[in-house]
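*Asks:* Quick one: this structure, given as structure tokens, is what I'll be asking you about.
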Amino acid sequence: MAMSTKDDAGSAATEAATLPLSRLGAYLAIGVGTGALATSAEAAVVPIDVSSISGVNGGVTAGTFRTIYNFPAFGAGNLFLANAYTTNQTTGLSFQYPGLGFATGVSLATPVKFAAGTLIDATAGGGTFYADYNSIFKFNAFVSPDFGPNSFLGFKDALGRYGYIETTWNSTTNEFRIFSAAYESVAGVGIMTPGGAAVPEIDPAGLASTMSLVMGSVAMLEQRRRKRAAAATVAVTA
């Protein structure tokens, strides 16, 4: 690849200077990179109604279980809820095949606890997506650490969409509660757990000031390029 010269930079500055403001932002964005913002415009967080499973231990009677089919939508997988079910004392919730729960290993009762403001996607740290009981809270001697307020389970459904369930878990009383849930509408797009630090709003005055500085820099570069070009012309004709 050929290295850029000063005149190349001047030409680039001239091009930027002639762009309308509606295109200048896009022009500048190319220079700083936009990989982190390359998300589908159609992506949206879809809330899941958990009112029917918001009671203690998902509202499931002790010694029984309940399966929520097509969770969070048709063909997406199943959600399994259990309350001290069978001699294994299985208690908690898991994402049954083909749904996948985010867990730390192949052993049972190893769900990953995500904090508020965490992005859940293919690169999320702390574990791997496993089917069935890896995301459950208790299974015999396998007992997950407590999940306090603002704790979340992560999942990936059979349609490739990421989601979360806001939950608590008390390993002393063997009780869990579900407070909210949501999934990302577009497969492969990560979802942010709620409750994190707010993103600061753009200050129009600050943005205008920044744009003025940028435009001033562009104009200065163009002025320097013209002076060099004029000097070169005088030298040739002398």
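All of the numbers you see were taken from the coordinates with simple rules; none came from a lab. Computed from a predicted model, the values in this text were never measured in an experiment. Using ideal geometry, Cβ is built from the backbone for each residue, glycine included, and neighbour counts are taken over all protein chains shown.
*Asks:* How much length, in nm to one decimal, is gained on full extension between Asn70 and Thr128, taken as 0.36 nm per residue of separation minus their Cα-Cα distance? Kindly include the intermediate steps, with their values, before the conclusion.
*Replies:* On the way: separation 58, 0.36 × 58 = 20.88 nm, distance 2.20 nm.
That works out to 18.7 nm of additional length.
*Asks:* Would you mind calculating the gained length between Ala44 and Val56 on full extension (0.36 nm times residue separation, minus the Cα-Cα distance), in nm to one decimal?
*Replies:* Working: separation 12, 0.36 × 12 = 4.32 nm, distance 2.97 nm.
Residue separation times 0.36 nm, minus the Cα-Cα distance, leaves 1.4 nm.
*Asks:* 7 Å from Cα along Cα→Cβ at both Thr172 and Thr86: what's the point-to-point distance in nm?
*Replies:* In this crude spin-label approximation the distance works out to 3.0 nm.
*Asks:* At what distance in nm do the modelled label points of Phe142 and Leu159 sit from each other, each positioned 7 Å from its Cα along Cα→Cβ?
*Replies:* It is 2.9 nm.
*Asks:* Same structure again: Could you calculate the contour length gain from Arg226 to Ser107, that is, 0.36 nm times the residue separation minus the distance between their Cα atoms, to one decimal place in nm? Before the final figure, lay out each step's value.
*Replies:* Values: separation 119, 0.36 × 119 = 42.84 nm, distance 6.99 nm.
Length gained between Arg226 and Ser107: 35.9 nm.
*Asks:* HN-Hα J couplings of segment 187-192 from phi, Karplus 6.51/-1.76/1.60, θ = phi - 60°, integer Hz, Gly and Pro as x?
*Replies:* 4, x, 8, x, 10, 9
*Asks:* Next up: Compare the peptides 73-80, 171-178 by average per-residue count of other Cβ atoms within 10 angstrom and give them in order, highest first.
*Replies:* 73-80, 171-178
*Asks:* By per-residue mean of other Cβ atoms within 10 Å, what is the highest-first order of 183-194, 126-137? Don't jump to the answer; show the numbers that get you there.
*Replies:* Numbers: 183-194: 18.5, 126-137: 21.3.
Listed from highest to lowest mean packing, they are 126-137, 183-194.
*Asks:* Using label points projected 7 Å from each Cα along Cα→Cβ, tell me how many nm separate Ser185 and Ala115, to one decimal.
*Replies:* Roughly 3.1 nm, to one decimal.
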